[in-house]
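Here's the structure, in structure tokens; my notes come after.
The values are calculated or read from the model by the stated rules, or taken from the named source; none is laboratory data. This is a predicted model, so every value here is computed, not measured. When we count neighbours, we look across all protein chains shown, and the Cβ atoms used for this are built from the backbone with ideal geometry, even at glycine. Only protein heavy atoms, including side chains, enter the accessible area calculation; ligands, DNA and RNA are left aside. Shrake-Rupley method; radii C 1.70, N 1.55, O 1.52, S 1.80 Å.
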Amino acid sequence: QCSLTGRWVNDLGSNMTIGAVNGNGDFTGSYHTAVTATNNEIKVSPLQGFMQKSPNQKRQPTFGFTVNWSFSDSITVFTGQCFVDNEGKEVLRTMWLLRSRVENINNDWKATR
């Protein structure tokens, strides 16, 4: 069984803490990124998410969460799955989409990465 609750560290050294997942699959936590494209001081940022909860849910759940960056005008959404690898270690595999604020609609093309 793979549990999202706890402290996670990614390959770049970013730290994420996920609190208890409630009966509906809701959870909150914090994200402290190790990398940024801004010159601003990096600060711990809140996250809010959901783990898939249904009668069909298996032992390695899918999930998604949003990070509201405390130090920039951007939001990142993550989606992924919690796995237990061959050595019994819990691993999160995710992908993300970051949206930065831009001054006007003509710059929309460069707002998402």
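The relative contact order of the chain comes to 17 percent, based on Cα pairs under 8 Å that sit 6 or more residues apart. A crude spin-label estimate for the pair residue 39 and residue 97, with each label 7 Å from Cα along the Cβ direction, gives 3.1 nm. When the chymotrypsin sites (Phe, Trp or Tyr not before Pro) in the stretch 41-113 are filtered for DSSP coil states and for at most 15 other beta-carbon atoms within 10 Å of their beta-carbon, the remaining sites are 71.
Solvent-accessible area assigned to carbon and sulfur over the chain amounts to 49 percent, based on a 1.4 Å probe.
When the Cα positions of 6, 75, 22 are compared along the charge dipole of the stretch 6-110, 22 comes out farthest toward the positive end, with charges on each C-beta of Lys, Arg, Asp and Glu.
Summing +1 for each Lys or Arg and -1 for each Asp or Glu among the other residues whose beta-carbon sits under 15 angstrom from that of residue 95 gives +2. For the stretch 1-89, the list of trypsin sites (Lys or Arg not before Pro) that fall in a loop by DSSP and count at most 15 other C-beta atoms within 10 angstrom reads 43, 53, 58, 59, 89. Heavy-atom accessible area, probed at 1.4 angstrom with all protein chains present, ranks 108, 73, 11 as 11, 73, 108, highest first. Comparing 38, 49, 106 along the charge dipole axis of the stretch 6-110, the residue lying farthest to the positive side is 49, per the Cβ-charge model. If you model the chain as an ellipsoid using its alpha carbon gyration tensor, with each semi-axis the square root of five times an eigenvalue, the axes come out at 28, 16, 13 Å, biggest first. Computed from point charges on the beta carbon alone (+1 for Lys and Arg, -1 for Asp and Glu), the dipole magnitude for the chain about its Cα centre is near 200 Debye. Distance between the pseudo-spin-label points of residue 26 and residue 50 (7 Å out from Cα toward the beta carbon): 1.1 nm. For the options 40, 15, 24, a Gaussian network treatment of the chain with springs between C-alpha atoms closer than 10 Å singles out 40 as fluctuating the most.
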